[in-house]
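Read-outs: derived from the displayed coordinates by stated rules, not from any lab. Please read all numbers here as calculations on a predicted model, not as lab measurements. Methodologically, a virtual Cβ is constructed for each residue, glycine included, from the backbone with ideal geometry; neighbour enumeration extends over all protein chains shown.
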């Protein structure tokens with residue numbers, strides 16, 4: 001665009017008119033030009049001469065390009081330049097213009113930052129993007145940068161919470177959903193709303209583990225005598241060591257199938273015993289039971305003979321003579337649910353489901369027994385001492401038992417007096 005004249009249009013017309021009027025009073029045109037220029041304060045006679053030549057061309061007295069034609073050519077060149085620039089902007093923005101949805105504001109701002117020097121500033125890019133369904137005003141661009149320079153209190157708080165959420169998510173096998181993350185943060189003294197955790201987890205693109213379908217491993221022995229069902233689906237115990245439930249599952253590895261057996265105390269949902277082997281013989285479930293008895297003795301909370309029930313499904317390992325004899329010698333009552341009914345051992349099925357969902361499936365493939373054993377030991381330690389369980393008040397099983405024994409100890413002197 002040409003630099004605008006410092007002389008008003010009315011002054012130029014008056015000067016041209018005055019030269020025509022006084023031309024006869026001077027010996028030549030140059031003298032007339034100098035006189036008029038001096039009277040009107042025009043910088044030089046040549047400037048006035050150019051105005052006269054332009055006026056003659058516009059009026060048709062002299063050949064050349066008129067002012068109107070010159071303006072039209074300039075406008076056309078400007079339009080062509082704008083179209084070329086718009087085309088270049090669209091080529092550069094093709095990677096996000098292909099999608100149907102409008103990109104996020106921070107994506108558009110980053111694009112403008114990258115190309116504003118090349119395409120003549122912020123406004124031309126905003127204009128082209130807006131014309132192609134990616135609406136962003138220059139004010140939105142500048143407001144975004146202002147927020148980045150001086151972020152709002154909510155933005156700062158969100159950044160702090162996101163770091164804590166990621167930390168909690170990673171520390172808990174990447175299986176916690178919004179509810180458990182929220183509980184975990186509140187236990188750590190971080191006051192935050194559950195809806196805020198849900199929103200920030202969506203922003204982070206993380207979510208809790210989802211259970212898959214159950215694989216049946218129970219093979220009943222129709223010839224074996226079965227113990228009665230002493231639990232009758234009532235998995236609520238008044239205290240620890242009153243009812244243990246047992247079952248096992250399988251894990252596929254490169255070296256073959258590994259079987260993992262568990263024993264769970266229904267009072268606290270704590271895994272008190274477990275074992276792993278490449279064979280699903282009775283020894284597998286006996287080892288898990290032995291570990292449960294040993295662990296209760298080590299914690300100085302042994303079971304009382306005649307008070308503990310060992311409940312399982314009707315698998316051949318649990319109806320075997322070896323297990324029945326072992327339970328009888330230990331003074332533990334055997335209990336077996338009906339065949340093919342998962343509800344009769346629902347609590348144990350739930351625990352195995354968590355084991356598969358939280359540990360086995362996310363870390364597949366597994367190499368051998370030793371790898372499964374080590375990972376299972378680590379998971380059980382987390383499960384019993386740090387994992388939050390909604391059924392017992394959103395605290396770990398070990399803490400739940402500790403609270404129970406503490407309350408029991410406090411109430412004993414009161415009862416004595």
How are the Cα pair distances of the chain distributed, in percent, across 10 Å bins from 0?
4, 15, 16, 13, 10, 8, 7, 6, 4, 5, 5, 4, 2, 1, 0
Above 17 Å lies some portion of the pair distances; for segment 9-64, what is it as a whole percent of all C-alpha pairs?
31 percent
Can you compute the helix-only [θ] at 222 nm over the chain? Use -39500 (n - 2.57) per DSSP H run of at least 4 residues, normalise by all residues, nearest 500 deg cm²/dmol.
-16500 deg cm²/dmol
In terms of the alpha carbon gyration tensor, root eigenvalues a ≥ b ≥ c, rounded if a/c is under 1.5 and otherwise prolate when a/b exceeds b/c or oblate, segment 1-116 is prolate
Could you please rank 408, 252, placing first whichever residue has the fewest other Cβ atoms within 10 Å of its Cβ?
408, 252
So if we plug the beta-carbon distance of residue 381 and residue 254 into 1/(1 + (r/R0)^6) with R0 = 30 Å, what FRET efficiency do we get, rounded to 0.05?
0.75
Ordered by fewest other Cβ atoms within 10 Å, a rough proxy for footprinting exposure, 310, 132, 389 read 132, 389, 310
Taking every alpha carbon pair in segment 223-264 and sorting the distances into 10 angstrom bins from 0 up to the bin holding the longest one, the percent per bin comes out as 20, 35, 29, 16, 1
What full-extension length gain, to one decimal in nm, is calculated for residue 328 and residue 156 as 0.36 nm per residue of separation minus the Cα-Cα distance?
55.7 nm
Where both partners of a DSSP beta bridge lie in the chain, what percent of those bridges are antiparallel, to the nearest 5?
70 percent
Given 0.36 nm per residue, what is the gain on full extension from residue 94 to residue 410 after removing their alpha carbon distance, in nm?
106.6 nm
What is the spin-label model distance, in nm, from residue 49 to residue 363 if the labels are put 7 Å beyond Cα along the C-beta direction?
9.5 nm
Inter-label distance, nm, simple model (7 Å from Cα along the C-beta direction), residue 133/residue 69
4.5 nm
Any idea how far apart residue 278 and residue 101 come out in nm if each label point goes 7 Å out from Cα toward Cβ?
4.9 nm
I need the semi-axes of the equivalent ellipsoid of segment 69-149: take the C-alpha gyration tensor, multiply each eigenvalue by 5, square-root it, list largest first in whole angstrom.
26, 15, 10
Could you give me the percent of Cα pairs per 10 Å distance bin for segment 239-377, shortest bin first, beginning at zero and ending with the bin that holds the maximum distance?
12, 44, 34, 9, 0
Would you mind telling me the antiparallel percentage of the DSSP bridges in segment 243-409, rounded to 5?
70 percent
If I take R0 = 41 Å and measure r between the Cβ atoms of residue 163 and residue 78 in this structure, what FRET efficiency does the formula 1/(1 + (r/R0)^6) give, to the nearest 0.05?
0.20
Pick from 150, 194, 102: which residue has the top mean-square fluctuation in a GNM of the chain where Cα pairs under 10 Å get a spring?
102
